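To start, the structure under review is shown below, and the notes come after it.
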Amino acid sequence: MRQFIRHPSDVPIEIRCAPDSGYVRRCTQNVGFGGLAFLSDMAIEPETIIALRFPYLRPVFEVAAARVAWCQNQGSQYAVGVQFLDSEEAFRVRIVEQICHIESYRRDVEQREGRQLTAEEAAKEWISRYASSFPKP
């Protein structure tokens, strides 16, 4: 049973299933304090330890180890849920989650209003409007 609130997200991530393999690009389905879910072309066995990174953040944000909690077949793809193994990593991902919301807000404002915001402008607006209602872990 899920212990943490999840938030929709479409943030690109990269995963690596083995230390000697390369990273593969995926897109998150959702991100929460305890973990995240993404779609994969292949099944990943529960209990597998994988590495994650968020390549579009500068500097690139990496999670050295996350445990696959579940993997569900969804037709031609698999939904994979991972749990962060370290509370410090979970906190850092919480910050990334907020950055994802800010980036989503920036894109939404551009699409709806035609305003192009810098990352800093979007962060200031998002914080003033939504940060107080952002769920506490």
Mean Cβ-within-10 Å packing, highest first, puts peptides 97-108, 61-72, 118-129 in the order 97-108, 61-72, 118-129
Ranked output for segments 41-52, 17-28, 75-86 by mean other Cβ atoms within 10 Å, highest leading, reads 75-86, 41-52, 17-28
Computed about the Cα centre, the charge dipole of segment 6-86 from +1 Lys/Arg and -1 Asp/Glu charges at the Cβ has a magnitude in debye, to the nearest 20, of 220 debye
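Taken together, the values in this text are just the output of simple stated rules run on the coordinates, not laboratory data. If you're wondering where the values come from, they're calculated on a predicted model, not measured in any experiment. Reconstructed Cβ throughout: ideal geometry from the backbone, glycine too, with neighbour counts over all protein chains shown.
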